[in-house]
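Data first, discussion second: the structure below is written as structure tokens.
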Amino acid sequence: MRILLSVLNARVIPSSFSIGLAFDGSLDAWRGASSFASDSSCLSAASVTRAEYEERGADFLREHQCSNRPYELTREGGESATPE
């Protein structure tokens with residue numbers, strides 16, 4: 001309930017979402033990461049090469065299917081809802 005209320009209060013604009021319980025909270029994140037890493041196409045799409053690391057530094061993150069991509073939020077009528 002605490003997480004539900006936190007997400008409801010943090011939303012900039014009304015949107016739908018759902019919250020599910022982990023089957024095994026101590027291992028689910030590890031299992032998900034293991035599954036992601038075992039798929040070579042996913043792993044290579046998300047990994048940073050040595051050359052990219054040397055060129056862009058430690059703060060560089062590659063966008064991939066599990067990334068949190070930034071996007072502009074808009075309200076009805078086209079008004080920007082993204083905090084400045």
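At-a-glance table
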| read-out | value |
| --- | --- |
| Flag if V12 is of a type outside the set (S, T, Y) and in contact (Cβ under 8 Å) with a residue 40 or more places away in the chain | yes |
| Residue match in the range 6-18 (condition: at pLDDT 85 or above, aliphatic (A, V, I, L, M) and assigned to a helix (DSSP H, G or I)) | no |
| Condition check for A29: of a type in the set (A, V, I, L, M, F, W, C), modelled with pLDDT of 80 or more and in contact with a helix residue (DSSP H, G or I) (Cβ under 9 Å, 6 or more places away or on another chain) | no |
| Among residues of the range 19-54, those that are out of contact with any Lys or Arg (no Cβ under 9 Å at 6 or more places or on another chain), surrounded by 10 or more Cβ atoms within 10 Å (Cβ to Cβ) and part of a helix (DSSP H, G or I), counted | 14 |
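The values are calculated or read from the model by the stated rules, or taken from the named source; none is laboratory data. Here the structure is a predicted model, which means the values were calculated and not measured. Using ideal geometry, Cβ is built from the backbone for each residue, glycine included, and neighbour counts are taken over all protein chains shown.
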